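The values are calculated or read from the model by the stated rules, or taken from the named source; none is laboratory data. Fair warning: this is a prediction, and the values are worked out from it, not measured in the lab. Neighbour counts are summed over all protein chains in view; Cβ atoms, including those assigned to glycine, are modelled from backbone coordinates with ideal geometry. Areas reflect the complete protein model, heavy atoms only, side chains present, ligands, DNA and RNA absent. Shrake-Rupley method; radii C 1.70, N 1.55, O 1.52, S 1.80 Å.
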Amino acid sequence: MSSTRESTHGEHEHTVHADHDAHAGHADHAGHDAHAGHGGHTAHVAQYRRLFWWMLALAVPTVLASDMFASIVGYRLPDWPGLDWVSPVLGSVMFVVGGRPFLTGAAGELRARKPGMMLLIGLAITVAFVASWAASLGIADHELDFWWELALLVVIMLLGHWLEMRSLAQTSSALDSLAALLPDEAEREVDGRIEIVAPDDLRVGDVLVVRPGARVAADGGIVAGSASFDESMITGESRPVVRGVGDRVVAGTVATDSGVRVRVDATGDDTAIAGIRRLVADAQASTSKAQRLADRAAGWLFWFALVAAAITAIAWTALGMPDDAVVRAVTVLVIACPHALGLAIPLVVSIATERAARAGVLVADRLALETMRRVDIVLFDKTGTLTEGEPAVVESIAVDGDTDRLLAVAAAAEAQSEHPLARAIVRAAETASLIVPDASDFASSPAVGVSAAVDGHRVRVGGPHLLDEEGARELPQVEPWRAEGAIILHVVIDGAVAGALRLADGIRDESRHAVDALHALGIEVAMITGDADAVARSVAAELGIDRVAANVRPEHKEHEVARLQAEGRTVAFVGDGVNDAPALARADVGLAIGAGTDVAIASADVILASSDPRSVLSVIELSRQSARKMVQNLWWAAGYNLLSVPLAAGVLAPIGFVLPMSIGALLMSASTIVVALNAQLLRRLDLDPARWS
C-alpha cells in the first residue's frame, strides 16, 4: 500500500517539573532532606506511611498515660510503678523520631529566613517537649505537661505528610519513556555485510539497514529505497508519510511497508529525539515553584504566636505573676500548633485526587489543582486529542452513484494490506455492514497503491501516481476535498476511474461539546498541529476553535505555549504524543490523554485516562471546588488560632476569664474534625464528562 497517497495531500516536512515541589508547598525548605529530589516519591510515601503507624502506636500509651490528659478526660491513672515515666520516655522517642522531618524542615526555613509550616510545627513540638520535661522533672508547673499534646501533634502532622506525599507520587519518567523509543539493536552495513550493533556504537557516515516494521536507530538520510514511515510517536501526525532517497528520517520512527538504507548524520545527543528530551528537561526545570497558601498562613501564624507569647510573658510578669507568665506564654506557643492547618490542604488534595481518579482524571502534580481554575486558554493538540488519531473514510464518490459497491470493492482490494489507510477502508466497509467480495492476485506497489482481482475485474486503489500509471485523470468532484487537505484515494476498475474515497482523521463526537462548554466558561480554545494549514483550519471551523497553529514542528509546540504565556495567558495544554511532551511540561497545566504515549503522560500534570476531551472541564470543576474547600479550611484552621491564642494569653483576664488548657485542647480537636468533614464534601462532586454535553 503506497504512502505516496499522502505525499500530495499535505505531506509535511517533520523531522516533570523535574522537581514537583519535593514536599508539597515546601519546595524552599533546604533542610527538608527527606524530600530532596523527586525521583523517590513512591519510597517517601512508604516511609511516611510506616512512620505514621509507628508513631500512632507510640502515641496511644503516651496520651493515655499522661496525667494532664487523664484530668481533662476525667479518669484516674492506676498507681503502677514507673507509669509516670511512660509519657516522657515514649514522648521523647516521638519527638526525636517522628518529629525529625519537621525539625529538619524548620532548620531549613530558618536558614532560608522563610518561616512557614515546618517552623511553626517545629516550634510547637520543641516548646511542648522542653516544657513537658520541665514539668515531669518538677522544675516547672505541672500545667506544662504537654506530652499528650506533643504526641497528637506529631501523629496528625505525619498523617498530613503521608497524604500529601501520596498525592504527589508518580510512577513513570518522561526521559526514560523517550529513551525507550530507540531500538535495542541496529543493523549496520559494512562492506556488503550486515552486522548487529548497539545504537550507541553508531557513527556519522554509517549505513543502516531499516527493515519493514523496524525502528530507525539514528537520524539520517535515505540512500536507497522508499518506504512509508510512521512518525506519529515523534510528530504526532496520524498519517504515515512517504520517504525516499534524499529524504531525512529521525530516530524512533518506523518504516511500515518497505525496507530502506539510511546514512547516519546524527547520533546520541545530536538526534532529534535527544533534542526533545532536552526540551522536556529544560521546560520541567524552569517550572516555577509556588509556595502553598497554607505555608504562607503558617509563616504569618509563626510571627503571630511569637509576638503573642512575648506580650503574654511581659504582661503577666508586669502584673507580678512570673509563674503564670511562663505557663501562659508556653501555652500560647503550644496552642498555636497547626493541627487543623496541617491537614487543611493535604486532606483536600488527597480526597480530590482520589475522587478524580475514580472519574478517570489522574492528578500527578497538586499545583495543577490550584492553577487549573485560573486557566484562560486551553491549547489542544489536534491528532488523537480532538480527533480519533487514525484515518477514517468520511466520504465517497462513485461515477455510477453506487458508493456502497465502490467501498466494498475497494475494501476487497485492500483486505490483505496492513497499511493504516487500507485498514480504514476495510473498517468503513465493516461498519456499513457491506458484503466484501473475495480478492486474489493481491499486489502492493510502494508509492503507487494496491491491486487485486475482484469478481473478475482488475481493481486498483491508490493516489496520484496510480492515476499517472493508468493515464487517467482525477475526478473533478474531489477538488473541495483537496482544498481541505484530505487524503484522496481513487478506485480504478479495469483501467477506468470508478470513484474516489476521502479519508481524514475523524473528529471525536465529544470535541464539539468540550469546545462549546469551555467557551461558556469564558475560556478561549486554541488548536496546534503538525498537519497542513488547510486540514487544521477545516477542523477548527467545524469545532468553532478560536486560534489555530498548523505545520508546527515538535519544538515549536513548546514555543507556542511560551508565546501564549508571554501574552500573560494562563495556558492549559492537552496532548498525547511524544512531540507534545515539551509543551506539556512548559504549560501552566499539562493534560495528557491517557491513550497517548508514556512520555506524554509522564510529562503532564494531569492524565486523562479516557480520550474524552470533555474531561478537561472536569479538571477545571475539580480545581475550582478544591480551591474553594482549601480556602474554607484555611480560614477555619487559622481562625481557631487567631481566636484561641489571645484567649490563652489571658486577654480576657481582666473580666475573670482565662482559656483553660483543657478547653483549648477540645477546640483544637473540634477544629481538626471540622476541617476533615469539610474536605469530605468534595466526594459529592460529579466529574462525569457526559454532564458537559
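Of note:
- Accessible area (Å², 1.4 Å probe, nearest 10) - Val674: 60 Å²
- Contour minus Cα-Cα distance for Trp85 and Ala541 (0.36 nm per residue): 156.5 nm
- Net charge over other residues, Cβ less than 10 angstrom from the Cβ of Thr312 (K, R count +1; D, E count -1): 0
- In terms of accessible area, using a 1.4 Å probe and ignoring ligands and nucleic acids, His559, His142 rank largest first as His142, His559.
- Under 17 Å from the Cα of Lys629 - aspartates and glutamates, other chains or at least 8 residues apart: Glu164, Asp295, Glu354, Glu370, Glu621, Asp686
- Exposure ranking of His419, His556 by accessible area [1.4 Å probe, largest first]: His556, His419
- Stokes-Einstein translational diffusion, the stretch 386-521 - Kirkwood Rh over all Cα pairs, 1.306 mPa s, 10 °C, in µm²/s: 102 µm²/s
- One decimal place: the segment Asp270-Arg248 gains 6.5 nm when fully extended, by the rule 0.36 nm per residue minus the C-alpha distance.
- Per residue accessible area in Å² of the stretch 360-474, where ligands, DNA and RNA are left out and the probe is 1.4 Å: 42 Å²
- Segments 492-504, 644-656 sorted - mean Cβ within 10 Å per residue, highest first: 492-504, 644-656
- Trp481 accessible area, 1.4 Å probe, all protein chains in place, Å² to nearest 10: 10 Å²
- Model label sites at Val631 and Val207, defined 7 Å from Cα along the beta-carbon direction, differ in position by 6.9 nm.
- Thr570 exposes around 30 Å² of accessible area when a 1.4 Å probe is run over every protein chain in place.
- Positive contributions from Lys and Arg (+1) and negative ones from Asp and Glu (-1), summed over other residues with Cβ under 13 Å from the Cβ of Glu185, come out at -2.
- Cα-based Kirkwood hydrodynamic radius, the stretch 300-440, one decimal, Å: 22.6 Å
- For the set Asp605, Asp206, the ranking by accessible area, highest first and with no ligand, DNA or RNA atoms included, is Asp206, Asp605 under a 1.4 Å probe.
- Computed 3J(HN,Hα) for the stretch 189-198, one whole-Hz value per residue from the Karplus formula 6.51 cos²θ - 1.76 cosθ + 1.60 where θ = phi - 60°, is 8, 10, 6, x, 9, 9, 10, 8, 9, 7, glycine and proline marked x.
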